[in-house]
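The values are calculated or read from the model by the stated rules, or taken from the named source; none is laboratory data. All of these numbers come straight from a predicted model, not from anything done at the bench. Cβ: placed from backbone, ideal geometry, glycine included. Neighbour counts: every protein chain shown.
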Amino acid sequence: MDSQTAVNKMAGKGGSMYEKNGRGSSRAAAWLRNWQLYLLIAPVLGYFIVFHYIPMYGVQIAFKDYIASKGITGSPWVGLKHVERFFDSFYFARILRNTLGIGVYELIAGFPVPIVLALLLHEVRSSKFRRFVQTVTYAPHFLSTVVVVGMLMMFLSPVSGLVNAVIVWLGGQPVAFLTEPSWFKSIYVWSGVWQSMGWSSIIYLAALSGIDPQLHEAAKVDGAGRLKRMWHINLPGIAPTIVVLLILNIGSILGVGFEKVFLMQNSLNMEASDVIATNVYRSGILGAQYSYSAAVGLFNAVVNFVLLLTVNRIARKMGGSSLW
Amino acid sequence: MLETRSERITGIGIYVLLGVVTLIVLYPLFFVLIASVSNPGSVIRGEVWLWPKGFSLVGYERLFGNKELLRGFMNTVMYTVVGTALNVVMTVAGAYPLSRTDFKGRHFFTFLIVFTMFFGGGMIPTYLLIKSLGLLNTFWAMIIPSAVSVWNILIMRTFFQSSIPKEVQEAAFMDGCSNIKILLKVVLPLSGPVLAVMVLFYAVGHWNAYFSALLYLSDRDLYPMQLFLREILVQNQMQEMVDISDDTLARSLMDAEAIKYAAVIVTNLPMLILYPFLQKYFVKGVMVGAIKG
């Protein structure tokens, strides 16, 4: 420990430890001086290599016939057999349609809501009311997926659910929301909006608070009303934030989460609820067809990644804001 | 300030709209709460609307009488405590070096870490890895695979860069402090708020996690609460709690509903109590993240 402090002192005697100079000897000293930082980050890098990069290496089983006794490296190559099997499979069209359908529906319905909520909240002058709305709308974010799906089942149950009680009371017929395929996407998407709109609005509220109040004063002098100012000042003001989040959202359009779909899925609504992720789980984990389902998962990951890169490039070309 | 009539209408419209949204979010939560303490029969007949009716705690009684669920609750507490501790240590260990501009290789390391946010091997290769590491069906399967989150490392790094003055660190360095000593004695004591945010984010994640348990655990003794909750809420499996033997079927169906409402309340109780006090920290965390790094 003592010798290390001595090295630190020696290296640091030029002044700031952040000082950069090009001499070779001081570069070596910088490495030496910061050895503790490397020590600190080592377990973190180790974690990412083991739990993220080794699975990326392991994804080669998508092009092999995985045999447990031979391991990932030893299993024989079979080329695109599994990918082709997926493309030719009876379920391919259904899975892709559902995954894409839910993803797009979620984007169209779910993406604008937090923006509107933030714009409205920003207009509220009473801080009490504002805090109350925020406290309530943020709360569902902390419920687990299991609880949200459980609540959906309670409220939408044809026998004991509140929603159907109201429908019957109004003179209608009870609807089997959870087993009817045509309802699946809407229930999935709008319950998602219910759960996350408040939380997602925080980032826009942060962006809104950074808008120069002078712009509003000037617009008021020019006679612009509230709605006009929301539309012409606030919305353009948060446009960069919107673009970045839009890129991220489009990039994950095929990444329809496994957790919630899986819980909402049942044999009756399969027609509308079977997505890539649940299919991978069923054939891979439950069916032990490791290579085939790894191929399906890889297809998903690659499409997502390409989408992200494309959208990011388009956004950068069109006007600046991008992820990197 | 003079407001025109249309301005006033806009203002009222905004309040009304927000009021409706708030009601839509709040009512389901409120309903579960009152339904959980009402007579199950009244709930099923649709008589419970705004106030509990026929006060009854039968759902809670059945719930607490179930040993398996209690064990699940304890398991979740363990996963949350141990997991969060590891998460926070790993996050600091990753974020601090990356926040230092004199740390050689930080751009490469950042790329290595951030890349995993956008691309991954997927469910199956990860499952095979966990299997070959011998982690299946162990306590650590719930802890190690989610040891740290990229996003939180980025939040933490941004905080270190923007909120800890460089001069303080340099001064400590001139006094002969080693890097680890600077981190422990100078940086961390100044990082209270962001550490609180990290603890909260990670703890909520562990508390609500069911996916890794579904994948990696088959031993019921290790199940977290959320998996039992899934059986009760989603799969309607609660034969053990609903006493079919000496009751009519209708009665046990009612009890089943009561158990569901009570289960939602019990598992979210810690959150429901803590949340209003912690809200500002959560929001702060999102804000720190919003300052793009």
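Numbers at a glance
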{"item": "From B:L17, B:L23, B:L57, residue being surrounded by fewer than 16 Cβ atoms within 10 Å (Cβ to Cβ), at pLDDT below 90, outside the structural domain of B:V197 (by TED's automatic domain parsing) and more than 30 Å from B:A147 (Cα to Cα)", "result": "B:L57"}
{"item": "One residue from A:G22, A:G15, A:G79 being more than 8 Å from chain B (Cβ to nearest Cβ), surrounded by fewer than 19 Cβ atoms within 10 Å (Cβ to Cβ), assigned to a loop (DSSP other than H, G, I, E, B) and at pLDDT 85 or above", "result": "A:G79"}
{"item": "Where A:P181 falls short, out of the listed (1) under 22 Å from A:R316 (Cα atoms); (2) more than 13 Å from chain B (Cβ to nearest Cβ)", "result": "(1)"}
{"item": "Odd one out for A:T241 among (1) loosely packed, with under 14 Cβ neighbours inside 10 Å; (2) under 27 Å from A:L120 (Cα atoms)", "result": "(1)"}
{"item": "Residue list for the stretch B:24-47, restricted to those being more than 9 Å from chain A (Cβ to nearest Cβ) and assigned to a loop (DSSP other than H, G, I, E, B)", "result": "B:V37, B:S38, B:N39, B:E47"}
{"item": "Matching entry among A:G192, A:G237 (being of a type in the set (G, A, S), free of Cβ contacts under 8 Å to residues at least 60 places away in the same chain and under 28 Å from B:K284 (Cβ atoms))", "result": "A:G237"}
{"item": "Residue in the stretch A:249-261 that is farther than 19 Å from A:G110 by Cβ and within 11 Å of chain B (Cβ to nearest Cβ) present", "result": "no"}
{"item": "Extreme residue, farthest from A:Y292 (Cα to Cα), among residues of the stretch B:112-146 that are within 8 Å of chain A (Cβ to nearest Cβ) and touching a residue at least 60 places away in the same chain (Cβ under 8 Å)", "result": "B:P145"}
{"item": "Checking A:T99 against (1) within 11 Å of another protein chain (Cβ to nearest Cβ); (2) modelled with pLDDT of 90 or more; (3) farther than 28 Å from B:A95 by Cβ; (4) in a helix (DSSP H, G or I), the condition it does not meet", "result": "(1)"}
{"item": "Residue within the stretch A:146-162 that is among the polar types (S, T, N, Q) and within 20 Å of the chain's Cα centre (by Cα) present", "result": "no"}
{"item": "Hits in the stretch B:273-283 (condition: facing chain A (nearest Cβ under 10 Å) and in contact with a helix residue (DSSP H, G or I) (Cβ under 8 Å, 6 or more places away or on another chain))", "result": "B:Y275, B:P276, B:L278, B:Q279, B:F282, B:V283"}
{"item": "Residues located in the stretch B:73-106, provided they are surrounded by 19 or more Cβ atoms within 10 Å (Cβ to Cβ) and not in a helix (DSSP H, G or I)", "result": "B:R100, B:F103"}
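This table checks each residue for (1) hydroxyl-bearing (S, T, Y); (2) in the same structural domain as A:E259 (by TED's automatic domain parsing); (3) in contact (Cβ under 8 Å) with a residue 60 or more places away in the chain.
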site	(1), (2), (3)
A:F111	no, yes, yes
A:V116	no, yes, no
A:L120	no, yes, no
A:S127	yes, yes, no
A:L152	no, yes, yes
A:G172	no, yes, no
